[in-house]
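Accompanying notes for the structure given below.
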Amino acid sequence: DKRNPINFSKTKKWTITVVTSFFTLLKPKYLPTAASPTSFSMGTPSMIRDLNCTPFQATLGLSLYCLGFGVLPLVTSAFSEEFGRQPLYYVSVFGFLSMHLVAALSPNIQLTVLSRFLQGAFGSTGATMVAGTVADIWAPHERGLPMAFFSLLAFAGNGLGALAGGWIEENVKLQWRWIQWIHLIIGVTFFIILLLVIEETRLTVIIYNHARHLRKSTGDQRYQPLRTGQAQTLREMIAVSCTRPILLLFTEPVVFSVSVWIGFAWGVYYCMIESIPGVFRTLHGFNQGQIGTVYTTMTLGSILGFITNMYQEKLYQKNVNARGPQARLYLACVAGTLFPLSMFMFAWSSKKAVPWAVLVVALTIFVWAIFTIYLAVFTYLADCYGIYASSALAGQSLLRNIMGAAFPLFSERMFGALGYTWANTMFACAALVMTPIPFVMYYYGPRILKRSKFVHQPIDEKLPKEVSPTTTEHRSSSIFQAVEIKSK
C-alpha cells in the first residue's frame with residue numbers, strides 16, 4: 001500500500017530525507033548571534049561593539065541555545081505523536097526563522113539572547129523530528145545511510161556556517177546583523193521547498209486521518225482508529241515524554257554511560273573549537289575570515305566520518321546476527337581512542353614553532369571522532385531499546401545539550417588561567433579516562449541489557465492501530481486492513 005510511508009519509492013524517500021535533513025544544515029550553532037569571548041560565533045566582535053555587551057553575555061546566547069535545544073523536545077515529542085510530523089515541521093521552521101528576524105533587528109543583548117534561546121527551542125523540534133521521519137520511511141536495515149546523511153549535514157552546517165559568518169564579519173559593511181539576514185533569506189527559500197515537498201509520514205496519524213476521511217465520505221461512523229488498551233490523552237503523552245527519558249537516563253546503565261560519554265564529547269566540542277580563534281589569531285596572525293575558514297575542518301571531518309561509516313555499515317551487516325546492536329560499535333572503539341589523542345595533538349601543537357597545518361589536521365581528526373561517536377551512540381541506542389528508542393535518545397540528548405550549554409560558561413576563564421595548551425590537555429585526559437566505554441559496551445553490553453526492564457518489556461504505548469468499521473466487512477488488501485485483520 002503506497003499510503004504507508006515505509007512503501008514510498010526510493011526517490012520519494014530520499015527527497016523527504018534530503019529536504020528534512022537540510023533543516024539541520026540550516027541551524028548551525030556557530031552562524032547565528034551567540035558567541036564566546038574568543039569569537040566562537042563569527043559575529044561576536046561586531047555584536048559586542050554594537051550592543052555594548054560583555055563577552056560573557058554573548059556566551060549566554062550559545063548556552064541558552066543549547067538549553068532550548070535539549071529541553072523543549074521532551075515536551076514537543078508528544079505533539080508529533082498526536083498531530084503528526086508535518087504540522088510541527090511548519091511551526092518549527094516558521095518560529096526558527098522568525099527568531100532570526102528578531103535577532104537581526106534586536107536593539108540590545110537581552111532580546112538577542114532571548115531570541116537565541118527560542119531559536120534553539122524551535123530548531124530542536126524540527127531537527128529532532130528528522131530522525132523520526134527517517135524511522136517512518138526507512139526499514140531498520142536501510143536506515144544506516146540516511147541517518148549518516150542526516151548527521152553529516154548537522155556537523156557540516158557548523159563548518160559552512162562559520163566559514164560564511166567569518167567572511168561576512170570581516171566585511172565592515174555587513175557584520176553580525178547581516179549574518180542573520182542572509183541566514184533568514186536561505187531559510188525562507190528552504191521553507192517554501194518544505195511546503196511543496198513534505199507530507200505526513202507518521203503511520204498512526206495517517207491511519208487516523210484515513211478513518212476521518214472514511215467517516216466523512218461514507219457517513220459511516222463505525223470507521224474508527226482501533227487502539228490497544230486505554231487511549232492516552234495529550235496531557236498523559238506529554239507527561240510520559242517528559243519523565244521516561246529521565247527515567248531511562250538514570251536507571252539504565254547503557255543509556256547513562258554512553259550519554260555521559262557523548263555529553264562530555266559535546267561539551268569539549270564547543271570548548272575545543274572555542275579555542276580556535278585565540279590560537280590561530282595569536283600564534284599565526286589569522287584575521288576573522290581566515291579563522292572562519294579554519295572551521296571548515298568540521299565539514300571535512302564530518303565528510304570523512306560519513307565515508308568511513310559506509311565501512312561501519314558493512315561491518316554491521318556482516319556481524320549483526322552474531323553481535324546484535326554491538327555490531328554498531330566497531331568504529332566507535334577507534335573513534336573513542338582517537339578522540340583524546342587528537343586533543344593532545346591540538347593542545348601541544350598550539351605553539352608558534354608548529355605550523356598551523358598540524359592544528360588543522362588535529363581538528364579534522366577530532367571532528368571525525370566526534371561525528372563517529374555521535375552516530376554510533378544514536379544507532380546503538382535505537383537498536384537496543386526498540387519501542388523505547390525515542391525516550392533513550394531524548395535522555396542522552398538532554399544530558400548532551402545541558403553539558404554543551406554549561407561548558408562554554410567556564411571555558412573562557414579556564415583558557416585564560418591555564419592557557420590553551422594545558423586547558424585542552426585537561427580535557428584530553430578526561431576523554432582518555434572515558435576511552436574504555438565503547439569497549440565495555442561491545443563486550444559486556446548484552447549482559448548489561450539482559451537486566452533491563454525496558455529492553456525486554458512488552459509494548460505498553462497506546463497507539464492507534466487501525467482504521468476499520470466495527471464489523472469485519474469493507475476489508476481490502478491495503479496495509480491498513482492488514483493491520484486490522486491482525487488486531488482482530
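The values are calculated or read from the model by the stated rules, or taken from the named source; none is laboratory data. Worth saying up front: this structure is predicted, and the values here are computed from it rather than measured. Here the Cβ positions follow ideal geometry from the backbone for every residue, glycine too, while neighbour counts run over all protein chains shown. In case anyone asks, the SASA skips ligands and DNA or RNA and just uses the protein heavy atoms, side chains included. Shrake-Rupley method; radii C 1.70, N 1.55, O 1.52, S 1.80 Å.
In the range 243-257, is there at least one residue being charged (D, E, K, R), assigned to a loop (DSSP other than H, G, I, E, B) and either within 29 Å of LEU203 (Cβ to Cβ) or touching a helix residue (DSSP H, G or I) at 6+ places or on another chain (Cβ under 9 Å) (or both)? Give the steps one after another, and end with the answer.
Keep residues of the range 243-257 that are charged (D, E, K, R), which gives 244, 252.
Next, from what is left, pick out any that are assigned to a loop (DSSP other than H, G, I, E, B): 252.
In the following step, the residues that additionally are either within 29 Å of LEU203 (Cβ to Cβ) or touching a helix residue (DSSP H, G or I) at 6+ places or on another chain (Cβ under 9 Å) (or both) were identified as 252.
Yes.
I need the full set of residues from the range 420-440 which are touching a residue at least 60 places away in the same chain (Cβ under 8 Å) and more than 30 Å from ARG323 (Cα to Cα), in order please.
If the condition is that a residue be touching a residue at least 60 places away in the same chain (Cβ under 8 Å) and more than 30 Å from ARG323 (Cα to Cα), then TYR420, THR421, TRP422, ALA423, ASN424, THR425, PHE427, ALA428, CYS429 are the ones that fit.
Taking LYS318 as the residue in question, decide whether it is in a helix (DSSP H, G or I), more than 29 Å from GLY395 (Cα to Cα), open to solvent by 10 Å² or more (accessible area, probe 1.4 Å) and modelled with pLDDT of 90 or more. First the steps, then the outcome.
Values: in a helix (DSSP H, G or I): yes; more than 29 Å from GLY395 (Cα to Cα): yes; open to solvent by 10 Å² or more (accessible area, probe 1.4 Å): yes; modelled with pLDDT of 90 or more: yes.
Against the criterion (in a helix (DSSP H, G or I), more than 29 Å from GLY395 (Cα to Cα), open to solvent by 10 Å² or more (accessible area, probe 1.4 Å) and modelled with pLDDT of 90 or more), LYS318 qualifies.
Going by what's in this entry, would LEU363 be described as touching a residue at least 60 places away in the same chain (Cβ under 8 Å), more than 22 Å from SER275 (Cβ to Cβ) and under 25 Å from the mean Cα position of the chain (by Cα)? Walk me through it before giving the result.
On the way: touching a residue at least 60 places away in the same chain (Cβ under 8 Å): yes; more than 22 Å from SER275 (Cβ to Cβ): no; under 25 Å from the mean Cα position of the chain (by Cα): yes.
For LEU363, the condition - touching a residue at least 60 places away in the same chain (Cβ under 8 Å), more than 22 Å from SER275 (Cβ to Cβ) and under 25 Å from the mean Cα position of the chain (by Cα) - is not met.
Residue by residue through the range 336-374, note down the ones that are aliphatic (A, V, I, L, M) and open to solvent by 10 Å² or more (accessible area, probe 1.4 Å). It would help to see each step written out before you state the result.
At the first step, the residues of the range 336-374 found to be aliphatic (A, V, I, L, M) are 338, 341, 343, 345, 347, 353-354, 357-363, 365, 367, 369-370, 373.
Across the range 336-374, the qualifying residues are LEU338, LEU341, MET345, ALA353, VAL354, ALA357, VAL358, VAL360, VAL361, ILE365.
To keep it simple, each residue is scored yes or no on (1) touching a Leu at 6+ places or on another chain (Cβ under 6 Å); (2) at pLDDT below 90; (3) acidic (Asp, Glu).
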site	(1), (2), (3)
ALA382	no, yes, no
GLU412	no, yes, yes
TYR420	no, yes, no
ALA430	no, no, no
PRO438	yes, no, no
TYR443	no, no, no
ARG447	no, no, no
LYS488	no, yes, no
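Suppose we keep only residues that are closer than 22 Å to THR20 by Cα and touching a Leu at 6+ places or on another chain (Cβ under 6 Å) within the range 151-168. Which one would you say is most open to solvent (accessible area, probe 1.4 Å)?
LEU153
Does PHE286 meet the test of being outside any helix (DSSP H, G or I) and either open to solvent by 30 Å² or more (accessible area, probe 1.4 Å) or touching a strand residue (DSSP E or B) at 6+ places or on another chain (Cβ under 7 Å) (or both)? Walk me through it before giving the result.
On the way: outside any helix (DSSP H, G or I): yes; either open to solvent by 30 Å² or more (accessible area, probe 1.4 Å) or touching a strand residue (DSSP E or B) at 6+ places or on another chain (Cβ under 7 Å) (or both): yes.
Spelling it out, PHE286 is indeed outside any helix (DSSP H, G or I) and either open to solvent by 30 Å² or more (accessible area, probe 1.4 Å) or touching a strand residue (DSSP E or B) at 6+ places or on another chain (Cβ under 7 Å) (or both).
Considering the range 169-181 alone, what residues qualify as being within 26 Å of the chain's Cα centre (by Cα) and either open to solvent by less than 60 Å² (accessible area, probe 1.4 Å) or of a type in the set (Ser, Thr, Tyr) (or both)?
Those that are within 26 Å of the chain's Cα centre (by Cα) and either open to solvent by less than 60 Å² (accessible area, probe 1.4 Å) or of a type in the set (Ser, Thr, Tyr) (or both): TRP176, ILE179, GLN180.
Matching residues to (1) closer than 22 Å to PHE155 by Cβ; (2) open to solvent by 40 Å² or more (accessible area, probe 1.4 Å); (3) among the acidic types (Asp, Glu); (4) at pLDDT below 90:
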{"position": "ALA239", "(1), (2), (3), (4)": "no, yes, no, yes"}
{"position": "PRO245", "(1), (2), (3), (4)": "no, no, no, yes"}
{"position": "LEU248", "(1), (2), (3), (4)": "no, no, no, no"}
{"position": "CYS271", "(1), (2), (3), (4)": "yes, no, no, yes"}
{"position": "GLY305", "(1), (2), (3), (4)": "yes, no, no, no"}
{"position": "TYR311", "(1), (2), (3), (4)": "yes, yes, no, no"}
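Just a yes or no: is a residue in the range 323-339 in a helix (DSSP H, G or I) and at positive phi? Break it down stepwise before answering.
Applying the first criterion (in a helix (DSSP H, G or I)) to the range 323-339 yields 323-328, 330-339.
Now narrow it down to the ones that are at positive phi: 324.
There is at least one residue in the range 323-339 that is in a helix (DSSP H, G or I) and at positive phi.
What residue, among those in the range 183-224 that are farther than 30 Å from ALA103 by Cα and under 22 Å from the mean Cα position of the chain (by Cα), is least open to solvent (accessible area, probe 1.4 Å)?
The first filter runs over the range 183-224 and keeps only residues farther than 30 Å from ALA103 by Cα, leaving 199-224.
Right, trim to under 22 Å from the mean Cα position of the chain (by Cα) and you get 199-202.
On the way: GLU199: 69, GLU200: 25, THR201: 4, ARG202: 31 Å².
Within the range 183-224, the match that is least open to solvent (accessible area, probe 1.4 Å) is THR201.
Which residue pairs have Cβ atoms closer than 6 Å, lie 6 or more positions apart in sequence or on different chains, and pair a first residue in the range 304-326 that is in contact (Cβ under 8 Å) with a residue 60 or more places away in the chain with a second residue that is among the β-branched types (Val, Ile, Thr)?
GLY305/THR372
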